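Structure record follows, encoded as C-alpha cells.
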C-alpha cells in the first residue's frame with residue numbers, strides 16, 4: 001500500500017497494491033499493521049458502514065463530536081464519487097480547509113480521514129456503493145453537520161446545484177462558524 005499525505009495533517013490517500021492476471025485482480029484493502037504504520041497513529045476500527053446512492057446525491061458534511069468523534073477509512077466499491085474532508089479542528093493550521101479526491105471502483109483508492117474532520121461525498125456515476133470503516137460507534141446526540149455550500153470553506157463540487165439531491169437534514173445544516181464544535 002502507498003500512503004500519500006495530503007495538505008491536511010493526518011489525512012491520507014491510500015493506493016492499494018493491485019495484482020492483475022487473466023482471472024481478474026486481487027488486492028489487500030486493509031491490514032491493521034500496515035495501516036497504522038502508514039498513517040503513523042493507532043487507529044482501531046469498530047464499525048463498518050455501506051451506502052448506495054444515485055447520481056447527484058450529496059451526503060454531508062457530517063461528523064461526530066466529543067467522546068464520539070470518528071476517524072473514517074472510506075472507499076467506493078462500485079461507481080465514482082467526489083469525496084471531501086474538511087478540517088474542523090479549532091487549533092489546526094488548516095482549520096476550515098478541505099481536501100477533495102475522486103474515489104472509484106476503477107482507481108480503488110481509499111481516503112483516511114482522522115477525528116476532527118467533517119466528511120461528505122457527491123455521487124458522480126449513475127450509482128455508487130460507498131464503504132467506510134469507523135473507529136468509534138455512531139451516537140445520535142453527538143451528530144454534527146456543516147452546510148455543503150458554506151462560503152468560507154468554498155468547496156467546488158463541480159456539479160450544478162440545481163441537480164443535487166440532498167436530504168432535508170443536510171439542506172439546513174449550519175455554516176462552519178455556527179456548527180457544533182468537534183471537541
Return yes or no: is residue 59 closer than 19 Å to residue 128 by Cβ, in a loop (DSSP other than H, G, I, E, B) and in contact with a strand residue (DSSP E or B) (Cβ under 7 Å, 6 or more places away or on another chain)?
no
Selected residue [in contact (Cβ under 8 Å) with a residue 40 or more places away in the chain, within 14 Å of the chain's Cα centre (by Cα) and surrounded by fewer than 20 Cβ atoms within 10 Å (Cβ to Cβ)] from 50, 70, 41:
50
Being without any contact (Cβ under 8 Å) to a residue 24 or more places away in the chain, touching a strand residue (DSSP E or B) at 6+ places or on another chain (Cβ under 9 Å) and not in a strand (DSSP E or B) is the filter here; which residues of the range 78-106 pass it?
95
Just give me the residues in the range 172-183 being touching a residue at least 12 places away in the same chain (Cβ under 8 Å), in a helix (DSSP H, G or I) and surrounded by fewer than 18 Cβ atoms within 10 Å (Cβ to Cβ), in sequence order.
177
A careful count of residues in the range 127-169 that are more than 19 Å from residue 183 (Cβ to Cβ) and assigned to a strand (DSSP E or B) gives 8
Reported set for the range 23-38 where residues are within 20 Å of residue 10 (Cβ to Cβ) and surrounded by 13 or more Cβ atoms within 10 Å (Cβ to Cβ) is 30, 34, 35, 36, 38
Complete set of residues in the range 137-165 that are under 24 Å from residue 108 (Cα atoms) and either surrounded by 17 or more Cβ atoms within 10 Å (Cβ to Cβ) or touching a residue at least 60 places away in the same chain (Cβ under 8 Å) (or both)
155, 157, 158, 159
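Every number here is computed from the coordinates shown, using simple stated rules; none is lab data. Just so it is clear, the structure is predicted and the values come from calculations on it, not from any experiment. FYI the Cβ positions are ideal-geometry reconstructions off the backbone, even for glycines, and counts take in every protein chain you see.
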